[in-house]
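Contents: one structure, followed by commentary.
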Amino acid sequence: MKLKKLTDLFNEYIRAMKPASVNDIKQKLKETDKKELIEICQRLARFKKENKELLTYLLFEEDDLPGYIKNVKEEIDEGFLQVNVSSVYFAKKTIRKVLRIANKHIRYTGSKTAEAEILLHYLTNFKGLNLHWQKSTALVNLYKAQLKKIDTAIATMHEDLQYDYKRELERLKI
């Protein structure tokens, strides 16, 4: 009997820790006044670097998507300059790190056009490395996975945009 009570209490505690659904959060935000919303955003920014970066994008950079993409491309270029080409093992670590940075910025924009542009730039740098990455199965698979992601992003775009991006994608295929 005691064990059942403890189990029930534990299960109730676990249920209470689950985050609210997006719909519930949306409703609560609609009911919240402006001053409280500002405080909530400030608290969010304090807790995680990614939250602060996302808020920075939404508040200051969202209006200038081409400028933001240009900055992300520069960050990717800097990341690829740091790749240690003397060893495939070390190169792979840096290449994955740069990809994580690119994907983070893609998530912030939520734009398929930005996704295609950023990943195409990433793969152009990747392919231009002075490294025999084609001999590494992991790197070849990573490259092919990004090609697939670009192809998926291009498929959702307007036909006029698709043509230009598909030409660039074909140029990057192994």
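Estimated purely from DSSP H runs of n ≥ 4, each contributing -39500 (n - 2.57), the mean residue ellipticity at 222 nm for the chain is -25500 deg cm²/dmol once divided by its residues. Between LYS70 and HIS158, the contour length at 0.36 nm per residue exceeds the alpha carbon distance by 29.5 nm.
In summary, the lysines within cross-link reach of LYS112, defined as a Cα separation below 20 angstrom excluding same-chain residues under 8 places away, comprise LYS70, LYS73, LYS104, LYS144, LYS148, LYS149, LYS166, LYS173. When peptides 47-59, 24-36 are ranked by their average number of other Cβ atoms within 10 Å per residue, the highest-first order is 47-59, 24-36.
For a straight C-alpha distance cut-off of 19 angstrom, the aspartates and glutamates reachable from LYS49 (same-chain residues fewer than eight places away being disregarded) are GLU39, GLU61, GLU62, GLU75.
Once both axes come from the Cα atoms, what is the angle between helix 88-109 and the longest principal axis of the chain, in degrees from 0 to 90, rounded to 10? Taking Cα atoms only, the helix is inclined about 60 degrees. The angle between the Cα long axis of helix 34-47 and the main principal axis of the chain comes to about 60°, on a 0 to 90 degree scale. Angle of helix 137-155 to the longest C-alpha principal axis of the chain, folded into 0 to 90 degrees and rounded to 10: 80°.
For the stretch 101-174, applying the loop criterion from DSSP together with a ceiling of 11 other beta carbons within 10 Å to the trypsin sites (Lys or Arg not before Pro) yields LYS173.
Ranking LEU120, LEU54, LEU142 by Cα position along the charge dipole of the chain, where only Lys, Arg, Asp and Glu carry charges on their C-beta atoms, puts LEU142 farthest toward the positive end. For Cα extents along the principal axes in Å, the value computed from the atomic coordinates appears in the list (1) 53, 34, 29; (2) 60, 34, 30; (3) 64, 44, 31 under label (3).
Dipole size of the chain about its Cα centre, with +1 on Lys/Arg Cβ and -1 on Asp/Glu Cβ: approximately 1180 debye, rounded to the nearest 20. The relative contact order of the stretch 57-174, computed from alpha carbon pairs under 8 Å that lie at least 6 residues apart in sequence, is 25 percent.
Readers should treat all values here as calculations from the given coordinates under stated rules, not as data from a laboratory. Fair warning: this is a prediction, and the values are worked out from it, not measured in the lab. So basically every Cβ, Gly included, is an ideal-geometry build from the backbone, and we count neighbours across all protein chains shown.
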